[in-house]
Every structure is written in structure tokens, then in C-alpha cells.
Amino acid sequence: MNLFRTRVPFILMALVALVAALAAVACGGDDDDDEPAGAGQQFTLGDLTIVDPWVRSTTTDVTAAYMTIKSKGAADTLVSASSPIAGMVQLHDVITEGATSKMQEKPGGFPVPASGQVELKPGGYHIMLMDLEKQPKEGETVELTLKFEKAGEITITAPVKKAADSGADMNHDSHGSSSGTGSPTASSGMGSPTAGAGY
Amino acid sequence: MPRTPWRTLALALAALALVPAALACSGDDDDSAAGDAQYMGAIVTPPIEKPDAVLMDENGRPFDLRKETEGYVTLLYVGYTHCPDICPTHLYEISEALKKLDPDIRKQIRVVFATADPERDTPEQLKQYLDTFDPDFIGLTGTRDLMDQFQVALGLQPATRTDLGGGNYAVNHAAYVMAFTKDNYAYTVYPSGMGQKEWLNDLPLLVKKGFRSE
């Protein structure tokens, strides 16, 4: 009898630990290693792999590009990007201060950690495409040239989508709805409104 | 209203609200624990009163916010169409959630996108932009003064610009969507990071029970 009494809490604790670990991993943005088939567009440059790039469709002359950049070796930095459809391209971050979101250039670019990855996704790091010569529409592709500090340059093509989970119709409820979410730092965004109760 | 107990309750709820929010981020879908009236939105205290304002809608017609949204749960977001990241993410997540809602619930919700960039966001521009998400979304614009006042009435700082060079600029704007219940107050807001899951949980509650349930 006692066996059960003691064992169950252990199992529960293990599960709790597991869930917590999963949570940390997902928030840290490492969650696409076991993504079910499909999508999975990849480009390789030395130790770097660019995974699942996409560009958001737009009705204006600005939009954003997203992707995950992984390194299986040394650290590197995405220092700039360009595209034939954009007159101006910048690397942007989203900063949330109290009730306000600010989008601004990320000084120095996006660091890719050694044997790690950096995720460019809605609500955080993104490649901002401005002065668009044409408005990318769903179903098209956009050419992007990425320049890294060490690995050099690579030109990739990215599909145009309405959102991270649109198009391919991934069942994204299975990994927590808000695909569109999250920031690379996992610290900004969520929760700030309650923190700053006063407004 | 009885200020102190309410505030305490709201703070407690706020703390609770962050738990599911954190879990949502983890991708762990265990929301079976969410009991009655368990809101996933962030609780805002004091609640935000729906401004009594007449602005211009996406068809170029005057839009009396209080009158036109009377009796609806109203999701209000202040953004701008040249916003490449957060605004389209919020609008997309809302539009997808609305498609999945019971039509009886859906028809009791209105979605309003008010621009913080009236210089670029003409009614036509708003209409073209919003139609890509849901043709029922309402776009509001007006003079710079009017839109600034509108944001102040919502407890926000009037949006400022960040110059990006080459004539481009970003607009620093509200980080969250406000959800006004039928009593014209918003008790919950939805920051970047909250999406369909939170909407699908909260919208039926907001429609059926409002926030302060009997």
C-alpha cells in the first residue's frame, strides 16, 4: 500500500519536472526539432542551417521575414539582409515597455549561439522589409540574402504566408495555439500588463 | 464600486491568469483544469472604460463607438497597417479564433482596429488591410488629435514614431488587445503572445457572463 503512496507522488513530480522542462524548451524556442514532417524547408551554409523561412503577405509597402537559424558549430551573427523586392531591409526587435510595443533595429544583428539557434518569429526578432516594390501575396516566394559575420552570405527563397501556421495548415493546436507568439528572449510580452497595474 | 476588495480579487486573478498564459507558451495543452469563468487574458485594474468617441470608419463614415458596439463584446486594438509584426499577428489570431467559435457567440462580438498612424491609414487603406483578415473587422481613423485623444482615453500614451530612415517609420503603439464586455468596460487585455487558444477560452465567457459574473 505504502508503495503506491510514495510512488505516485514521485511519478507526479517527474511529470511536473518534465512538463516544466518542456515548457522551458518551448519558450526558449527549441521546439521544432520534432516537428512533424511537412514544411521543413532548409538551407545550409557551413555550420549554419536556415529552417522554415517565411515572409508575411501584406497590403502595404512593409512586411517581415521570419525563420530559425541553427548552428551546429561556432557562434555567428546575422548582420544584415537584403531582398530584390525591398528598397530597405533592417533587422528588428520588438520591445515591450509597459503598455507600449516598440519595434526597433537590433544593434549588431541577431546572434546565433554556438551549437544553438536563434528564432525569428512574430512578436520578437524579424527581418523588416521596407519600400517594397511589390506586395508579396500568399503562394508567392521571396528571395532573401542573409549576411553572416563569419559564415558569409547565402541567398534563400521564402514562401509568402499570412501567418506562421497558415498555408501548410499545420495543426498547431497540438503545440499550443499562439504560434504567432513568443519572443526570442521569452521574457518580454506576456504578463507585462498585469505587472504595470497602473494604467 | 467597492474599490479595495475588487482590487485584491483582480490581483489574485491576475496572478492566476499568468499561469495558463505561461503554460500556453509551453505548448502544453492541459487546460482541463480551467474551471468556470477562468479567464486567460491578463486582468487590468482598474478596468478600462470604453471611450465615448466618434471616429471615421473604413468606409469613410462616422462611427460612434459606444452606439455601434452597444450590446456587443468589443475587441479593440490600436495599431497601424504598416506594422509588419505584432498587428497582423493579433488580427490573424483573432480572425482564426472567430472562425472556430459557435456562430451564436461570434455574432455578439465586434472587432475594432483603431489606427495610431492616421497620416498613412486612410479609410481605404484600413479597409484593404482588414479585409485580408475578416471583412467584418471595423477600421477607425481620424485626425491626429482625435486619435491621440482616443488613445489617452484608453489609458495609453499617444503613439510615437521611431524613424527608420528613408522616410520610413515605425509606430510605437499599444502592446495588447482590449476586450470590452457588454457593460462597456475592459477587464482583460491580451498582450502579444496570446492567441487563438486564449481567445477561444475567453470569448465565450466574455459573451455569456461578462467579467463580473453574477
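Conditions tested, residue by residue: (1) β-branched (Val, Ile, Thr); (2) more than 14 Å from chain A (Cβ to nearest Cβ).
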position: B:Leu98; (1), (2): no, no
position: B:Gln108; (1), (2): no, yes
position: B:Arg120; (1), (2): no, no
position: B:Thr132; (1), (2): yes, no
position: B:Gly139; (1), (2): no, no
position: B:Gln151; (1), (2): no, no
position: B:Leu156; (1), (2): no, no
position: B:Val177; (1), (2): yes, no
position: B:Tyr187; (1), (2): no, no
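Residues of the stretch A:60-113 that are in a strand (DSSP E or B), modelled with pLDDT of 95 or more and aliphatic (A, V, I, L, M): A:Ala64, A:Ala65, A:Met67, A:Ile69, A:Leu78, A:Val79, A:Ala81, A:Ala86, A:Met88, A:Val89, A:Leu91, A:Val112. Evaluation of A:Leu132 against the conditions (1) over 15 Å from the mean Cα position of the chain (by Cα); (2) within 12 Å of chain B (Cβ to nearest Cβ); (3) modelled with pLDDT under 95 shows that the sole unmet condition is (3).
Might you let me know whether the stretch A:118-138 holds any residue that is of a type in the set (S, T, N, Q) and part of a strand (DSSP E or B)? No, the stretch A:118-138 contains no residue that is of a type in the set (S, T, N, Q) and part of a strand (DSSP E or B).
When we screen B:Leu126, B:Leu205, B:Leu164 for residues that are within 9 Å of chain A (Cβ to nearest Cβ) and either surrounded by 18 or more Cβ atoms within 10 Å (Cβ to Cβ) or closer than 14 Å to B:Tyr77 by Cα (or both), the only hit is B:Leu164.
Hey, can you tell me all the residues within the stretch B:60-84 that are within 14 Å of chain A (Cβ to nearest Cβ) and either at pLDDT below 95 or assigned to a helix (DSSP H, G or I) (or both)? Correct list: B:Cys83, B:Pro84. Output the residue which, of all residues in the stretch A:84-109 that are away from chain B (no Cβ under 13 Å) and within 15 Å of A:Ile156 (Cβ to Cβ), is surrounded by the fewest Cβ atoms within 10 Å (Cβ to Cβ). Across the stretch A:84-109, the extreme among qualifying residues is A:Pro84. Considering only the stretch A:139-156, state which residues are in a loop (DSSP other than H, G, I, E, B) and either under 16 Å from the mean Cα position of the chain (by Cα) or of a type in the set (A, V, I, L, M, F, W, C) (or both). If the condition is that a residue be in a loop (DSSP other than H, G, I, E, B) and either under 16 Å from the mean Cα position of the chain (by Cα) or of a type in the set (A, V, I, L, M, F, W, C) (or both), then A:Ala151 is the only one that fits. Applying the criterion of being among the aliphatic types (A, V, I, L, M) and surrounded by fewer than 23 Cβ atoms within 10 Å (Cβ to Cβ) to the residues of the stretch B:139-158, the residue that is farthest from B:Cys83 (Cα to Cα) is B:Ala153.
The values are calculated or read from the model by the stated rules, or taken from the named source; none is laboratory data. Treat the numbers as computed from the prediction; the structure is a model and nothing was measured. As a convention, Cβ positions derive from the backbone with ideal geometry for all residues, glycine included, and neighbour counts pool all protein chains shown.
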